[in-house]
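Participant: Supplied in structure tokens, the structure appears directly below.
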Amino acid sequence: MSIYEDPEERKDLIVSVFQVLNSWKIDLELQAILVGLPAGTKSRELTKIKNGKPFPDEDEFMRRAFEILSISKGLKLAFPGNTTLGNLWVTTASYNFNDCAPVEIMLASFEGLQEVNQHLNGHWS
């Protein structure tokens with residue numbers, strides 16, 4: 001059974017993902033890209049999705065949602081008791097990412113989301 005078969009679980013997952021992206025202070029147009037929607041997705045469409053409309057590519061959203069929520073968890077472990085620093089880390093240039101902000105790496109591709117997640121959670125391939 002997919003989480004998409006239960007409307008309440010789907011909505012809870014969507015809410016969780018967008019709460020994380022909002023806490024990182026990511027613009028709406030960039031939020032759309034991070035969750036796997038095409039660049040240029042209108043905020044009106046994003047609002048419909050936040051209210052329960054299914055994603056065009058649900059599998060892609062699920063993969064991205066896992067990475068985003070895992071990054072959020074990694075930030076909580078890396079910055080215990082200080083969510084502000086964790087949230088700032090996402091948008092601050094880092095030598096670990098060739099002087100790019102982690103969000104820039106995440107926006108580049110799904111593999112970028114994985115790279116940031118692996119960096120935070122200490123998994124090196």
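Any read-out appearing in this document is the output of simple, stated calculations on the displayed coordinates, not a laboratory observation. What you see is a predicted model; the values in this text were computed from it and never measured. Don't worry about glycine lacking a Cβ; one is built from the backbone with ideal geometry, like all the others, and counts go over all protein chains shown.
Participant: Across the stretch 3-121, how many lysine pairs separated by 8 or more positions, or lying on different chains, have Cα atoms within less than 26 Å?
Facilitator: For the stretch 3-121, the number of qualifying lysine pairs is 17.
Participant: Name the residue farthest towards the positive end of the dipole of the stretch 3-121 from the options Ala65, His119, Leu30, assuming +1 on Cβ of Lys and Arg, -1 on Cβ of Asp and Glu, about the Cα centre.
Facilitator: With unit charges placed on the Cβ atoms, the residue in question is Leu30.
Participant: Please compute the Cα-Cα pair-distance distribution of the stretch 47-125 with 5 Å bins starting at 0, giving whole percents from short to long.
Facilitator: 3, 15, 21, 25, 17, 11, 7, 1
Participant: Going by amide H atoms built from the backbone, whose H comes under 5 Å of the H on Ser94, apart from near neighbours?
Facilitator: Residues meeting the amide H criterion: Asp99, Cys100, Ala101.
Participant: Test of understanding: in a Gaussian network model of the chain with alpha carbons linked when under 10 Å, which of Gln114, Gln19, Gln31 would top the mean-square fluctuation ranking?
Facilitator: Result for the chain, Cα springs under 10 Å: Gln19 fluctuates most.
Participant: Counting other C-beta atoms within 10 Å, which of Arg63, Arg10, Arg44 has the fewest, and how do the rest follow?
Facilitator: Ordered from fewest to most neighbouring Cβ atoms within 10 Å, Arg63, Arg10, Arg44 come out as Arg44, Arg63, Arg10.
Participant: Whole-Hz Karplus ³J(HN,Hα) for the stretch 79-89, in order, using 6.51 cos²θ - 1.76 cosθ + 1.60 and θ = phi - 60°, x for Gly and Pro?
Facilitator: 10, x, x, 9, 5, 4, 5, x, 5, 5, 4
Participant: Round to a whole angstrom and tell me the spacing of the C-alpha centers of the stretch 83-125 and the stretch 1-76.
Facilitator: Going from one Cα centre to the other spans 18 Å.
Participant: Turning to a different aspect of this structure: Only four residue types carry charge here, +1 at the Cβ of Lys and Arg and -1 at the Cβ of Asp and Glu. Report the dipole size of the chain about the Cα centre in Debye, rounded to the nearest 20.
Facilitator: Working: 12 positive and 17 negative charges, 85 e Å.
My answer is approximately 420 debye.
Participant: To one decimal place, what Kirkwood hydrodynamic radius in Å is obtained for the stretch 1-71 from all pairs of distinct Cα atoms?
Facilitator: 12.1 Å
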